[in-house]
Every structure is written in C-alpha cells, then in structure tokens.
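Every number here is computed from the coordinates shown, using simple stated rules; none is lab data. Since we're looking at a predicted model, the values are computed, not measured. Note that each Cβ is placed from the backbone with ideal geometry, even for glycine, and that neighbours are counted across all protein chains shown.
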Amino acid sequence: MYFYYQCQAECSSILCSRIRPQTPAEVVEGCGICARAGGAAGEGGVALGSERAFTFDYAFDPASDQQQLYDTCVRKLVENALDGYNATVLAYGQVG
C-alpha cells in the first residue's frame, strides 16, 4: 500500500487490472485460463500465454473479489472526491 499512497502525490493515473473468473459454461467446456496475474495479489502485471506481458500498478487474479479491488484501487479516490478533489474511475471489460 505504500506505493499507492506515494503514487497519489506523484502520479496522474493508476492502472489496475482484474482477470475475471471463468463462467460456468467455460468451466464445463474445460476452457483453459490464458491470463495470469504476476506476483502477490494486487502487485505487478498480467501475462497472456508465454509471449505477452503487460505491466499494471496492481493486477488481481480470478480468485480476488470486487471488495479487494475496491479497497486497493478505488476507496481512496472516493474519499478524496468526497473531500472536493477530482477523481475518475473507469471500469472496462466483461461483467456478468
């Protein structure tokens, strides 16, 4: 969490990624998971297969939940917005 608070003063943006869990249909069909989050929960990047990797400030694996992502990446932004500062949270991707 130190990086998060240090970055708040120095960075204009923070990039977080969450790899979604498989859908029940994907589990039944035996689909593999091609993406994985590197490092401990909330750290590092995301690897796609063995050839592509992307760096994020925080990366969460499918076992993480919305609360964990909110507490790590969003809560402080909401608190700052309520104190009168500008904040934007952009959520993009599949939901279900």
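Label region 13-82 by shape, choosing from rounded, prolate and oblate, from the square roots a ≥ b ≥ c of the eigenvalues of the Cα gyration tensor; if a/c is under 1.5 it is rounded, and otherwise prolate applies when a/b is larger than b/c, oblate when it is not. Oblate. Close amide H contacts of residue 56 (hydrogens built in the peptide plane, cut-off under 5 Å, sequence separation of 5 or more or a different chain): 45, 46. Spin-label model, residue 23 to residue 52: label points 7 Å out along the Cα-to-beta-carbon direction sit 2.0 nm apart. Looking at region 13-82, send over the antiparallel percent of its DSSP beta bridges, to the nearest 5. Beta bridges within region 13-82, antiparallel portion: roughly 70 percent. Sorting the segments 55-63, 68-76, 81-89 by their mean number of nearby beta carbons within 10 angstrom, highest to lowest, gives 55-63, 68-76, 81-89.
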